[in-house]
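Taking it in order: structure first as structure tokens, then the write-up.
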């Protein structure tokens, strides 16, 4: 395990009633393709999480470390439990919401909408009365994260599955609906929209129907994936909303006020509470950030990548190269178009999206004559 001191950005002192000023981030495990959907199992005292590009579901516990539990996993994403210990799973490959019972039985709960295949259920939450809400963006119809195929529906929506099994569409005006969570009194449902970088709130009627859609929080970043976006989202017992975003986990009060950010060393994709006393916050993170310091402007350089995993690379916020499919580490396997390194710090970000276990890579900048650029220094970014 690796411990990293982190920084809390405090916009309101209320935040320090919730989070220590100097918390430590502990890296429990690494080497996955893209981790998502963390969910704590209180009976087994372990964390389950998905690894979509690997098509594997895993679990982590202090005693056993990481154990593979389902392979293939239909590139599952968000997961949650109900009071009976049933696990609800969003599957990208099957475009379905399924339930797995403690006895191991698998039930398909939601797959078609009016005769057409759902896009790819992404995240799910269960109300105490048994009503189930889930989001349905198109991410599971993209390469790596799902099964590439055309979209049957012409919208991205939010659905409610009634205890009797009836599927109802509650909203269809989202661009990419993603994370969702209920308030402690279950009278409000929060749903974020990744590309629009905002969170919407809905009133929840006694029968579970949604109404009163409104913007709860906006400008949670810009919707730029390499900076971190609204994705996983949870609500604490006080009604505060915790959501992924640029620099880490954003904390937003029940009144919509931005309280601050729990900064993380990697881009966060999702989060959940767990541990014996439910005081531990588990975050699924991916990617890494490096700073290249140039003593002067350097023109016409190219970023060359060699890796045994598919990955996407950005320089100063601009995507410059992506390499895909299963591969071996070969130096300069992929080379970007020519670009300019500005004088001073240049931020290089990468997201590994297709790897088996540990990932090897090499990256370097090449000059006009394909020689390594040596007039630079490398360091970690202060995110």
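Computed from the coordinates by the stated procedures, all read-outs in this text should not be read as laboratory data. This one's a predicted model, so the numbers in the text were calculated from it and none came from an experiment. Reconstructed Cβ throughout: ideal geometry from the backbone, glycine too, with neighbour counts over all protein chains shown.
Only Cα pairs under 8 Å and 6+ residues apart enter the sum, and on that basis the relative contact order of the chain stands at 13 percent. Rounded to whole Å, give me the distance from the Cα center of the stretch 14-79 to that of the stretch 125-149. Between the Cα centres of the stretch 14-79 and the stretch 125-149 lies a distance of 18 Å. Taking 13 Å as the cut-off, the amide N atoms of the stretch 23-40 that come nearer than this to a point 7 Å along the Cα-to-beta-carbon line of residue 278 belong to 40. Across the stretch 92-187, C-alpha contacts under 8 Å between residues 6 or more apart give a mean separation that, scaled by the residue count, equals a relative contact order of 25 percent. Over the chain, with a Gaussian network built from C-alpha contacts below 10 Å, which listed residue (15, 153, 271) shows the highest mean-square fluctuation? Result: 153 has the largest fluctuation of those listed. Among beta bridges from DSSP that stay inside the stretch 2-285, the antiparallel ones total about 100%. The stretch 172-205 and the stretch 258-287 have Cα centres spaced 19 Å apart. Taken along the Cα-to-beta-carbon direction at a fixed 7 Å, the label points for residue 26 and residue 166 span 4.7 nm. Here the label points at residue 17 and residue 71, each 7 Å from Cα along the C-beta direction, are separated by 4.7 nm in the simple model.
Each of 61, 307, 336 has some number of other Cβ atoms within 10 Å of its Cβ, and from fewest to most they run 61, 336, 307.
From the coordinates of this entry, mean projected area of the Cα convex hull in nm² is computed, and it appears in (1) 19.3; (2) 24.2; (3) 22.8 under the label (1).
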